[in-house]
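J.: Dropping the structure in here first, questions after.
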Amino acid sequence: MNRILEIWTDLEKANSKGLLKKLYSNDTNQCVYGIFKNPEQYCGIAISVNKDIRIDISPFSNLKDLKVSLYNDSSFENHVMLLIELLDYSSRDVFSILCEDLVITVSKLVSEQSIIKAALNQLEKWKSLFDKYNSIGLTPAEQQGLFGELHFLQKYLSNDFEQTSILNTWVGVDKALRDFQYNNWALEVKTTAGNNHQKVSISSERQLDETLLENLYLYHLSVEVSKGNGENLNNKISSIRETFENNAIALNIFNAKLLEVGYFDKHAEIYRERCYQIRQENFYKIEKDFPRIKENEIRDGVGDVKYSVILSQCKEYLVTENTIFNTLENL
């Protein structure tokens, strides 16, 4: 059980009416509370800041699953709380992961203005997340893409690097240009199956453009998809979660990223029979005459560029796995 769930459980057991709050931690300068409202059984999180801080909650006035409001904080003079309440009690396990992720985010910040900005940015992400939660799960193509990203992440974690730092490089869940990126390096993961397993689709003219990077890599994972034979998405996720057995912060970051990409444990049965066997995997360094389209090569008026790369023509750009991780370690 994570900290925010413990607070909600304690406040619920108090069996008092009205809005109840409990400080998340005494170890930080931020005033972050777990909250619980009776008799409605709304659970949530609150951030207390000075009333002078401008907080625009109008974009969140019509959320289906969340209620966002401002509330006077009686514990401090001239303070107001930004309240984020979950209206559907049955979804609190998922919501607790999001709240823990928010706490991790704001704990790194100092100014109240930056804390509120970070909280509102998180809310923007959450607006569509609950629609995913109520969906029927990831499509086969989305499952395959996620499996590939997780397979690379698992390799990355097997190296002796700091786990939360590794997780923070996984930016594909945020619809970033490439799947993994930090400072001056990036890596794009492409997972293929079937007859065209050596052809990868590139989604824009910038995806394989290394102009603004010192190092850009392409990781290609070719898989065989079968029913019940191999490793499924659930197995892969369980295996990675075990990696974080002694690192609660990393585990919560990982779980939050899974939610952002649309993986929810309640859909696990959907993914049980679709399994993957590794046919081949290769790393390529994007440089020199690697076949791709760069942004500065596009003529004026051309947009929405998409193209394919035939990897059998890219053998001279192959690099070893050790080369990749030695490079990342030194950057």
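The values are calculated or read from the model by the stated rules, or taken from the named source; none is laboratory data. Please read all numbers here as calculations on a predicted model, not as lab measurements. Note that each Cβ is placed from the backbone with ideal geometry, even for glycine, and that neighbours are counted across all protein chains shown.
J.: Looking at the stretch 290-303, can you tell me whether even one residue there is exposed (fewer than 15 other Cβ atoms within 10 Å of the Cβ), without any contact (Cβ under 8 Å) to a residue 12 or more places away in the chain and on the phi > 0 side of the Ramachandran plot?
T.: Yes: one or more hits.
J.: Being surrounded by 20 or more Cβ atoms within 10 Å (Cβ to Cβ) and either in the same structural domain as Ile84 (by TED's automatic domain parsing) or within 25 Å of Glu242 (Cα to Cα) (or both) is the requirement here; does Leu120 meet it?
T.: Considered against the rule, which asks whether it is surrounded by 20 or more Cβ atoms within 10 Å (Cβ to Cβ) and either in the same structural domain as Ile84 (by TED's automatic domain parsing) or within 25 Å of Glu242 (Cα to Cα) (or both), Leu120 comes out as no.
J.: Which residues, taken from the stretch 269-300, are closer than 19 Å to Gln207 by Cα and either of a type in the set (Gly, Ala, Ser) or in a loop (DSSP other than H, G, I, E, B) (or both)?
T.: Listed by number, the residues that qualify are Ile286, Glu287, Lys288, Asp289, Phe290, Pro291, Arg292, Ile293, Lys294, Ile298, Arg299, Asp300.
J.: State yes or no: is Asn196 loosely packed, with under 15 Cβ neighbours inside 10 Å, more than 19 Å from Lys257 (Cβ to Cβ), under 19 Å from the mean Cα position of the chain (by Cα) and of a type outside the set (D, E, K, R)?
T.: Considered against the rule, which asks whether it is loosely packed, with under 15 Cβ neighbours inside 10 Å, more than 19 Å from Lys257 (Cβ to Cβ), under 19 Å from the mean Cα position of the chain (by Cα) and of a type outside the set (D, E, K, R), Asn196 comes out as no.
Conditions (1) at pLDDT 95 or above; (2) closer than 30 Å to Lys288 by Cα; (3) assigned to a helix (DSSP H, G or I), marked per residue:
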site	(1), (2), (3)
Tyr219	yes, yes, no
Val225	yes, no, no
Ile237	yes, no, yes
Ile249	no, no, yes
Phe254	yes, no, yes
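J.: Still on this structure: Evaluate the following for Ser312: is it farther than 16 Å from Leu146 by Cβ, hydroxyl-bearing (Ser, Thr, Tyr) and at pLDDT below 95?
T.: yes
J.: Sticking with this one: Being assigned to a loop (DSSP other than H, G, I, E, B) and not charged (D, E, K, R) is the filter; apply it to the stretch 36-54 and report the residue that is farthest from the chain's Cα centre (by Cα).
T.: Result: Pro39.
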